[in-house]
Every structure is written in C-alpha cells, then in structure tokens.
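Trainee: Quick one: this structure, given as structure tokens, is what I'll be asking you about.
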Amino acid sequence: MEWLNYHHLRYFWTVAREGSLAKAAERLHVSAPSISEQIRELESSLGEPLFRREGRNNRLTDAGQMVFGYAEEIFALGSELMNAVKQRPGSKTLRLSIGVVDSIPKLITNEILKPVFSMSTPVHVVCREGRMEELLPQLAAHRLDLLLSDETAANNSAFKTFSHLLGESGSTLCAEQRLAAKLRRGFPKSLHGAPALLPAGNTSLRRSLDVWFADHHVQPSVVAECEDLALMKVMAAEGRGFIAVPDITMDEATKRYGFRVVGRAKTCRFRLHAITAERRIHHPAVTLITQTARDRFDAV
C-alpha cells in the first residue's frame, strides 16, 4: 500500500495557494529550493506533474488542480479536528460540502441553507459553484454531500446519481420602480421591445422564459444575458431592464434590490432539485435542507 507524504502535500498546497515559490517559502520559513525538491518528490510519488511553466509563472496542471482540491479538504478537516479538540471534549463540527449549479440564483441558495446554521450541532459549510458537468464527478466521488440544480442529472451521465425534486414555483417579472410602473401598463404586451436582462441560454429558466414570451407573442429587447444572476439583479436595480425572479425569492429580492412587480409569469416554472450520490439521504444537514425546502416551496 502506497502512503501519501502529507509534509510534501502541504508544501505543494501552500505554493498553489500563495501563487509562487518565493511567497510559499516566506510563509513556511524554508528555502525555495527546499520546497521545490519536496514538490518534485510528491510528483514522483504520484506519477504526474503538478505544475507547468508559463513564462515566469507556475500554473497548475489538470492533475495539480485535482490534487489541490483534495488538499484543500484534507487541511480544512485537519483544522476542524484541532478546533474541535481545543473547544471541548466530545464536541464535533458537522461538515457539509454542497455543490450549486451556477444557474441557481444566490438568493435561493441562501434561503435553502438558512436552516443549517440554526442546527444544534455546529455546521461548517463548504459551498462550491460551477457547471453540472464539473460538480457531478465530485458528487460521485463523495467530495460533495449534495448538489443543488435547476435540472436533473442527464440519464446518460457516467455517474450514478439520484435526483429529489425539492419544489417548483412560478416567476415574477420585475424591474426598478420607474421602469416597472411603465411596463405594468398593458402587461404583457408592454414587454414587446422592452429592455430585458435574461439568464444565459443554457439554463432551464431561460428556456422557460423563451416559451412564455412566444406564448404571449412578445419579443423583448435583450440588453444582456448573464450567467451570474447576482450581476443581473444589480444591473436591473439600476434600471437597465426587467428580469424574471422565481416567486420563492421575490420578497427577499424586493427588500434587497427595491424591485417592483411588473407582472406574473405563472407558467414560467423554476424547479429545484437535490442530487445525491445515494438513493437514501443520511447526512442530517441534507435531510434538514430537503425537508425545509419542500415546506418553503409549498408555502409559495
């Protein structure tokens, strides 16, 4: 059985985090050549180069990116262990690693996670955002406890996963106060040619919106298409166009950004799925998330 030298791994991890040998040497109080030698030994034991040279900079290879991800978790767990021991005997922080597909509005992620922070057991949440194809391998490898997505995992995926529908809601079209007042008159025909800020075309919400526009024979003027939905809300708050907000987050969006309702789009549905690597959910925080999320959607 091969053993990992965690001393070498920490040197590699520090270089990757600091961005250079010199900065890592300063933090670790050792010489740069010594760190370089330790990393070469780690690469030799793994059989893969972890850095590649680009001009004067060292960049992580694909293998380096993977090793860095594991190293982040390993040393985070080590830090948790030390903190738990120092706090009081028997105390243990519950770790929850959650992946969030980047098409999920951050307001929804925040709402879904709120109950976790009120658990009697302290919870350390690690939240990773990305595309479905980036997060599924991490879920299958049990590096994530849960994946939140607005779509189920594809049936032809190379990874065996299980999707649990947490709920769905209609959408509300809203805008900054003056634009909303203008578009509210004659809705939905008023949206024809109106400035719109829309989610990226590869999202389920955008596809649902396009169908709704077609059904109502309106074609808005697309000002911007955003993968970052938080940016889209900031732009809408400045009056650059109207946006669609899932009903489940409408109250929070109104309070935070000052949006006003233009009109409802009940048939423009937003669905939220919890994707797990196992059919049955065992993690107590994941169980709490799924139960409270369903109650929250039912109340909309």
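Trainee: Just to verify a number: FRET efficiency for Glu151 and Asp251, C-beta to C-beta distance, R0 = 35 Å, to 0.05?
Mentor: That pair, Glu151 with Asp251, gives E of 0.90.
Trainee: Here's something else I'd like to know. Whats the longest run of the chain with zero GluC sites (Glu not before Pro) that are DSSP loop and have at most 12 other Cβ atoms within 10 Å?
Mentor: Longest stretch, sites excluded: 3-237.
Trainee: For Arg184 paired with Ser204, estimate the spin-label separation in nm (one decimal), with each label point 7 Å from Cα along the Cα-to-Cβ line.
Mentor: Going by the 7 Å Cα→Cβ label model, 3.1 nm.
Trainee: In deg cm²/dmol and to the nearest 500, what is the mean residue ellipticity at 222 nm of the chain if only DSSP H runs of at least 4 residues count, each as -39500 (n - 2.57), divided by the residue total?
Mentor: -13500 deg cm²/dmol
Trainee: Which value, in debye to the nearest 20, gives the size of the charge dipole of the chain about its Cα centre, when Lys and Arg are +1 and Asp and Glu are -1 at the Cβ?
Mentor: Here the size comes out at about 980 debye.
Trainee: Separate question: Running Debye on segment 217-283 with equal point scatterers at the Cα sites and no solvent, what base-10 log of I(q)/I(0) appears at q = 0.20, 0.27 Å⁻¹?
Mentor: After summing over all Cα pairs, the log10 values are -0.93, -1.42.
Trainee: Turning to a different aspect of this structure: How much length would be gained if the chain were fully extended between Ile74 and Glu225, taking 0.36 nm per residue of separation minus their Cα-Cα distance, in nm to one decimal?
Mentor: 50.6 nm
Trainee: For Ser45 and Lys23, calculate 0.36 nm times their separation in residues minus their Cα-Cα distance, and state this gained length in nm to one decimal.
Mentor: 5.5 nm
Trainee: Taking the chain as the region of interest, what is the percent of Cα-Cα pairs per 10 angstrom bin, listed from the shortest bin to the one with the maximum distance?
Mentor: Result returned by the calculation: 6, 22, 25, 22, 16, 8, 2, 0.
Trainee: Let me ask something else. To the nearest 20 Debye, how big is the dipole of segment 6-70 about its Cα centre, given +1 on the beta carbon of each Lys and Arg and -1 on that of each Asp and Glu?
Mentor: 220 debye
Trainee: Continuing with the same structure: How big, in percent, is the set of alpha carbon pairs in segment 168-270 lying more than 17 Å apart?
Mentor: 44 percent
Trainee: Next up: With charges set only on the Cβ (+1 for Lys and Arg, -1 for Asp and Glu), what does the dipole of segment 168-270 come to about its Cα centre, in debye to the nearest 20?
Mentor: Computed charge dipole of segment 168-270: roughly 460 debye.
Trainee: Hey, rough spin-label estimate for Asn5 and Glu238, points 7 angstrom out along Cα→Cβ, what's it come to in nanometres?
Mentor: That separation, rounded to one decimal, is 5.2 nm.
Trainee: In the chain, which whole DSSP H runs stretch at least 24 Å along their own axis (Cα) and average -1.0 or higher on the Kyte-Doolittle scale?
Mentor: Both cut-offs are met by 62-87.
Trainee: Simple spin-label model, 7 Å along Cα-to-Cβ: Asp215 to Arg53 in nm?
Mentor: 6.1 nm
Trainee: Further question on the same structure: If you find the alpha carbon centre of segment 122-177 and of segment 254-280, how far apart are they in angstrom?
Mentor: Distance between centres, Cα-based: 13 Å.
Trainee: While we're on this one: Return a whole-number percent for the relative contact order of the chain, with Cα pairs under 8 Å and 6 or more residues apart as the contact set.
Mentor: Relative CO of the chain lands at 20 percent.
Trainee: Counting C-alpha atoms alone, how compact is segment 6-70: give Rg to one decimal and Dmax as a whole number, in angstrom.
Mentor: 10.7, 29
Trainee: When a footprinting reagent is the concern and you count Cβ atoms within 10 Å, what order do Val126, Val15 take, fewest first?
Mentor: With the fewest neighbours first, Val126, Val15 line up as Val126, Val15.
Trainee: Right, next: Could you calculate the contour length gain from Thr121 to Gln291, that is, 0.36 nm times the residue separation minus the distance between their Cα atoms, to one decimal place in nm?
Mentor: Contour length minus the Cα-Cα distance gives 59.5 nm.
No value in this document is a laboratory result; all are computed from the given coordinates. Since the model is a prediction, treat every value here as computed from it, not as a measurement. All Cβ positions, even for glycine, are placed from backbone atoms using ideal geometry, and neighbour counts span all protein chains on display.
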